[in-house]
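Okay, structure first, notes after.
The values are calculated or read from the model by the stated rules, or taken from the named source; none is laboratory data. From a predicted model like this one, the values you see are computed outputs, not experimental measurements. Positions of Cβ are backbone-derived with ideal geometry, glycine not excepted, and every protein chain shown enters the neighbour counts.
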């Protein structure tokens, strides 16, 4: 701090000497303008904000930008004064969350130059990249990608690959290796109806191959991808801890299910959180869990049930995930108690501490609790209730939280008497 104050005083003294020199010279329009600027700089150095050293300013900028998530704040502080701009441009973390929307809505090279400039400001810092592909015409997308390829540095020569007479826009090769190796998280949102390129699933794996340091992956897939194009590839992602797959197509659930299973088998990672949203997985069986590299590390699982989901399927999934602590099951009302016997395993001891459901169910919730108790879920000695948290979020918008027929049901009464902690939540706005 003392060193910084000494530097400020030295800057003021240097500016004062320049002012005195100009005051002794013959006045001209240019010298008068220069003199006003120097006096303004001296006055700015007397502001309280200039009593802060660069490292403190840098920390304030990081907090204001939410460590890069709010890039508007980063741009704002870089346009306040010359000193703030120099500090902001030298703080790579406040530029580290990059969003790219394709195709560019504005014509010309402006959007591409902005993207390239933000990438340059990240220096060697880790980057969170979100690419959103919206509805487009082939010509506009081709022009946008070509502009990006001209401005971004690349270690390889780009080639516009065509198949079936249409551009392959999902190659993601406009992201240079120098950026891919620094990716901390990658979000790919495909909201396009174009079905021109069946190889986009392979391109995704190519991108992941170039990003070994990625920690979080969020992909919106659709049934137009072809899982047969990837073969038996395995991508090693030693830092990946969260994976989110969402299906954007509702017309072909079978193809989406196959894509999801294929991608899960391709990833070698110590995954902690797995989120399968939309119709990414049909949950008609538990075979997709077998052989996954992260069954021994997974702690948090979010699934969407369907009309083909049965309670034994959910239980078999739990039997294969011994370290699982939290599970979220959406559209739980589809799952009914079957007449047949339920699966069991003497070697399985549950580690579950919390279950989140969007409804109580039709007897299935109680059966699930009893299954967990048989496999090690303890009861508290004081009140003999299961040491467990049941989180319920409802689509009902009026109080009370539960309709009368559910409140009076035997299952609901049993849950109140046997579960230690209930968490209630109203209308759910979470989209996954």
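Inside region 296-319, can you point out the residues that are in contact with a helix residue (DSSP H, G or I) (Cβ under 7 Å, 6 or more places away or on another chain) and surrounded by fewer than 18 Cβ atoms within 10 Å (Cβ to Cβ)?
306, 307
From (1) modelled with pLDDT under 90; (2) surrounded by 13 or more Cβ atoms within 10 Å (Cβ to Cβ); (3) not assigned by TED's automatic domain parsing to the domain that holds residue 184, pick out the condition that doesn't hold for residue 111.
Of (1) modelled with pLDDT under 90; (2) surrounded by 13 or more Cβ atoms within 10 Å (Cβ to Cβ); (3) not assigned by TED's automatic domain parsing to the domain that holds residue 184, only one is false for residue 111: (3).
Mind listing whichever residues of region 298-322 are modelled with pLDDT under 95 and in a loop (DSSP other than H, G, I, E, B)?
The answer is 305, 306, 307, 308, 309, 310, 320, 321, 322.
Evaluate region 378-399: report whether one residue or more is at pLDDT below 75, over 26 Å from residue 312 (Cβ atoms) and not in a loop (DSSP other than H, G, I, E, B).
So far as region 378-399 goes, no, none of its residues is at pLDDT below 75, over 26 Å from residue 312 (Cβ atoms) and not in a loop (DSSP other than H, G, I, E, B).
Yes/no matrix, rows are residues, columns are (1) under 22 Å from residue 323 (Cβ atoms); (2) out of contact with any helix residue (DSSP H, G or I) (no Cβ under 6 Å at 6 or more places or on another chain):
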position: 337; (1), (2): no, no
position: 341; (1), (2): no, yes
position: 344; (1), (2): yes, yes
position: 349; (1), (2): yes, yes
position: 356; (1), (2): yes, yes
position: 368; (1), (2): yes, yes
position: 374; (1), (2): yes, yes
position: 383; (1), (2): no, yes
position: 389; (1), (2): yes, yes
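How many residues are over 13 Å from residue 315 (Cα atoms) and not in a loop (DSSP other than H, G, I, E, B) when one looks only at region 331-354?
Qualifying residue count for the region: 4.
Does residue 288 qualify as being outside any loop (DSSP other than H, G, I, E, B), farther than 19 Å from residue 414 by Cβ and at pLDDT below 90?
So residue 288 passes the test.
Hey, residue 274 hits all of (1) more than 23 Å from residue 189 (Cβ to Cβ); (2) in contact with a helix residue (DSSP H, G or I) (Cβ under 9 Å, 6 or more places away or on another chain); (3) modelled with pLDDT of 90 or more but one; which does it fall short on?
All conditions are met except number (1).
Please determine, by comparing only the residues of region 240-260 that are assigned to a loop (DSSP other than H, G, I, E, B) and at pLDDT 75 or above, which one is nearest to residue 303 (Cα to Cα).
241
Select from region 118-141 the residues that are in a helix (DSSP H, G or I), farther than 20 Å from residue 66 by Cβ and at pLDDT 85 or above and list them in ascending order.
120, the sole residue that qualifies.
Of the numbered conditions (1) under 34 Å from the mean Cα position of the chain (by Cα); (2) within 26 Å of residue 16 (Cα to Cα); (3) part of a helix (DSSP H, G or I), residue 62 fails exactly one; give the number of that condition.
(2)
Any residue in region 215-233 that is farther than 23 Å from residue 283 by Cα, crowded, with 20+ Cβ neighbours inside 10 Å and modelled with pLDDT of 85 or more?
Checked against the condition, which is being farther than 23 Å from residue 283 by Cα, crowded, with 20+ Cβ neighbours inside 10 Å and modelled with pLDDT of 85 or more, region 215-233 yields no hits at all.
Would you mind telling me which numbered condition in (1) closer than 20 Å to residue 386 by Cα; (2) modelled with pLDDT under 90 residue 328 fails?
Every listed condition holds for residue 328 apart from (2).
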